[in-house]
Amino acid sequence: MTVTDHRAPAEGRSETAAELAARHGLTRSGARPSLSRYLADVWSRRHFAISLAGARAYASNQVSYLGQLWAVLTPMLWAGVYLFVFGHVLDTSRGVDNFAAFLVIGVFLFRFTSTSLSAGASSVIRNQSLVSTLRFPRALLPVSVVLAELLTLLPALVVLLGVVLLTGEPPAWSWLLLPVAVLLQSVFGTGLALGTARMVSQVRDVANIVPFVTRALMYVSGVFFSIEHYAGPGGLGAALAHQPVAVYLELARGCLLQGIHLTASTWLWATGWALGALLVGVVWFWNGEEGYGRD
Amino acid sequence: MTEQGTERTGPSVVVDDLHVSYRTYGGRRTTEPGSGRRFTLRRHVAAVDRVHAVTGVSFVAHHGESIGVIGHNGSGKSTLLRAVAGLVPPSSGGVYAAGTPSLLGVGGVLVKELSGERNIVLGSLALGLSPTEVRERFDAIVDFAGIGDFVQLPMSAYSSGMSARLRFAISTATSPDVLLVDEALATGDAEFKQRSRERIREIVGNAGTVLLVSHSMSTIQQTCDRVLWMDRGVLRMDGPTDEVVAAYSESVAQPDQERR
Ligand SMILES: Nc1ncnc2c1ncn2[C@@H]1O[C@H](COP(=O)(O)OP(=O)(O)OP(=O)(O)O)[C@@H](O)[C@H]1O
Ligand SMILES: [Mg+2]
């Protein structure tokens with residue numbers, strides 16, 4: 001199709017719109033850039049994602065009198081409930097020394113991945129108002145969701161260290177590795193969030209399935225039991241122990257608890273899952289970049 | 001923000017046979033007469049419909065032009081602007097624009113539960129400013145919005161005019177090559193309308209292009225030298241303000257022949 005530019009000097013022929021646009025240095029609106037360009041864009045707007053994440057984490061505690069105090073109170077109350085129920089009322093050990101600490105680490109860190117997944121999945125469709133007003137690489141939305149979850153995890157980690165100390169674990173050098181473990185887990189969560197965000201924005205129904213996935217993950221990841229103790233070392237047990245969420249829980253427990261010893265292979269699995277998920281998530285999300293504004 | 005090498009005369013927006021359709025969830029139109037009962041199930045399960053909002057629009061806008069867009073409700077004006085901004089993907093056809101067009105819309109609340117200040121920072125960062133640039137321009141944006149210490153309250157506490165002011169201030173913080181204004185001035189008071197008109201003139205004076213959607217013919221006549229008339233997704237007329245506005249007003253006066 002040709003367009004006529006009334007003001008342009010008559011050139012004896014009409015050119016196509018694309019030629020006219022190219023001649024005047026115009027670019028296609030909303031076009032998906034190359035992957036490297038896209039990543040550069042994401043990087044250059046990182047402050048937007050950080051600021052959005054901070055704002056979201058902040059806003060989640062905003063509508064109450066105690067306000068930001070809830071950032072610390074919430075994990076303390078959860079820890080209190082678990083310590084009370086499993087330390088005093090039920091008093092099981094399920095084949096684990098220091099079951100209370102084992103459980104609290106499991107619950108807090110599992111929550112991090114499961115909320116990254118569920119909030120990440122709806123990160124694009126929940127932010128339609130931003131998406132339909134401002135042009136920015138959409139990958140920033142799932143990324144900022146995971147950052148926000150990371151920010152809510154930080155006070156919980158402080159509470160966690162308190163629980164670990166309270167239950168009689170001595171401080172150890174391996175505690176210093178915890179940030180690395182959490183970082184790997186965040187990278188994995190980012191991959192998950194990117195991947196599911198695109199699926200949900202294309203087929204809304206996927207969002208209805210996410211809660212079942214997270215619940216199933218909870219039961220197979222050894223949040224409140226030791227996989228080895230229940231499923232045994234071979235076959236199924238090995239498969240369960242090497243799935244990503246179980247790997248990250250194992251990693252965090254290994255860093256904090258005396259009774260659990262980490263091997264290099266756990267670190268390798270953790271790194272592999274993180275990088276693999278991120279790579280797949282980024283490429284898959286970038287591929288759908290042009291479709292996100294469509295309601 | 002002007003990129004090096006971008007020409008400051010000539011076309012700034014080229015729209016070529018643009019089609020945009022939306023997908024809607026949770027309801028279907030049952031158009032066949034008398035078939036209402038038979039198709040009730042489809043209105044609850046797999047109730048996904050398509051709305052063709054823009055069907056085959058072409059035009060070229062130039063640097064330094066301010067163009068009005070008029071038409072009935074639902075004629076596709078907002079959709080056209082969103083497509084120019086690259087916010088909704090065209091289902092076919094092409095949209096080319098200089099730089100990154102900045103859209104200023106009615107529904108475009110940034111993040112409701114956050115304070116005006118936070119929204120200013122977020123909006124400016126999303127527009128591509130660096131944190132230092134945001135810090136430099138922050139006061140100017142707050143001044144221009146002119147909503148006093150309400151900037152510290154969450155935007156959910158704002159009146160519609162107040163949030164319109166804030167959004168306008170954010171969107172025009174950078175001097176975009178192409179500014180798209182969708183009824184954003186409608187809820188402002190006289191003083192704000194005056195100021196925003198000046199700001200628009202400034203942008204046009206800097207060889208920017210402004211596309212302005214409005215239902216107020218006086219706003220269109222005061223701000224625009226060219227008008228696009230959208231009608232049910234097609235571009236019905238494109239020409240000098242006086243002619244198009246006159247034709248539009250005439251068609252509004254005889255609604256029977258014009259509405260479906
Ligand atoms: N998010 C959406 N999802 C589905 N359909 C939509 C959406 N937005 C607009 N539409 C449809 O697209 C068509 C054009 O809408 P649009 O908002 O562009 O009209 P408009 O000219 O801006 O109207 P108004 O004067 O009321 O603002 C309408 O039929 C509308 O129903
Ligand atoms: Mg509209």
Checklist line | Simple Cβ-charge dipole of chain B, Lys/Arg +1 and Asp/Glu -1, about Cα centre, in debye nearest 20 | finding: 1340
Margin query: If you fit an axis through the alpha-carbon atoms of helix B:160-171 and take the longest principal axis of the Cα set of chain B, what angle between them do you get, 0 to 90°, nearest 10?
Written below: 70
Notebook entry, point to check: In the stretch A:125-224, which trypsin sites (Lys or Arg not before Pro) fall in coil by DSSP and have 16 or fewer other Cβ atoms within 10 Å?
Noted result: A:204
Item checked: Cα lying deepest toward the dipole's positive end in the protein assembly as shown, options A:236, B:71, B:156, charges on Cβ -> A:236
Next item on the list: Could you work out how far helix B:190-205 tilts from the main Cα principal axis of chain B, as a 0 to 90 degree angle to the nearest 10?
Entry: 90
Notebook entry, point to check: Taking the Cα centre of the stretch A:143-295 as origin and charging only Cβ (+1 Lys, Arg; -1 Asp, Glu), how large is the dipole, in debye to the nearest 20?
Noted result: 80
Check: Against the longest alpha carbon principal axis of chain B, how many degrees, from 0 to 90 and to the nearest 10, is the axis of helix B:241-253 turned?
Finding: 40
Next item on the list: Would you mind calculating the relative contact order of the stretch A:32-291 from Cα pairs under 8 angstrom and at least 6 residues apart, reporting the percent as a whole number?
Entry: 27
Notebook entry, point to check: Given DSSP loops and a limit of at most 14 other Cβ atoms within 10 Å, what is the longest stretch of chain B that contains no such GluC sites (Glu not before Pro)?
Noted result: B:8-260
Next item on the list: Would you list the membrane-span-like helices of chain A, meaning whole DSSP H runs whose alpha-carbon atoms span at least 24 Å along their axis and whose mean Kyte-Doolittle value is at least -1.0?
Entry: A:99-121, A:140-166, A:178-202, A:264-287
Note to self: How big is the dipole moment of the stretch A:32-291 about its Cα centre under a simple scheme where the beta carbon of each Lys and Arg is +1, that of each Asp and Glu is -1, and everything else is neutral? Debye, nearest 20, please.
What the structure shows: 800
Checklist line | Inter-label distance, nm, simple model (7 Å from Cα along the C-beta direction), residue A:287/residue A:209 | finding: 1.6
Next item on the list: Evaluate 2.2 N^0.38 Å with N set to the residue count of the protein assembly as shown, then give the Cα radius of gyration divided by it.
Entry: 1.14
Item checked: Long-range amide H partners of residue B:228 with built H, under 5 Å -> B:68, B:69, B:70
Notebook entry, point to check: Total Å² of accessible surface buried at the B-A contact, 1.4 Å probe, nearest 100?
Noted result: 3900
Next item on the list: Compute the relative contact order of chain B as a whole-number percentage, counting only Cα pairs closer than 8 Å that sit 6 or more residues apart in sequence.
Entry: 26
Check: Per residue, how much accessible area does the stretch A:32-291 show when a 1.4 Å probe rolls over the protein heavy atoms, in square angstrom?
Finding: 47
Next item on the list: Enter the accessible area per residue of the stretch B:176-260 (Å², integer; probe 1.4 Å; all protein chains in place).
Entry: 46
Next item on the list: Calculate what fraction, in whole %, of the accessible area of the protein assembly as shown sits on carbon and sulfur atoms when a 1.4 Å probe is rolled over the protein chains.
Entry: 59
Item checked: Helix-derived mean residue ellipticity, 222 nm - over the protein assembly as shown, DSSP H n ≥ 4, -39500 (n - 2.57), to 500 -> -16000 deg cm²/dmol
Next item on the list: Taking each pair of different alpha-carbon atoms in chain A once, compute 1/r for the pair, average those values, and report the inverse of that mean as the Kirkwood hydrodynamic radius in Å to one decimal.
Entry: 21.4
Item checked: Positive-pole candidate from A:150, A:70, A:39, dipole of the stretch A:32-291, charges at beta carbon -> A:39
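The values are calculated or read from the model by the stated rules, or taken from the named source; none is laboratory data. The structure presented is a predicted model; accordingly, all values stated were derived computationally and were not measured. A quick note on method: Cβ atoms are made from the backbone with ideal geometry, for glycine too, and the neighbour counts reach across all protein chains shown. Calculation scope for accessible area: heavy atoms of the full protein, side chains included, ligands and nucleic acids excluded. Shrake-Rupley method; radii C 1.70, N 1.55, O 1.52, S 1.80 Å.
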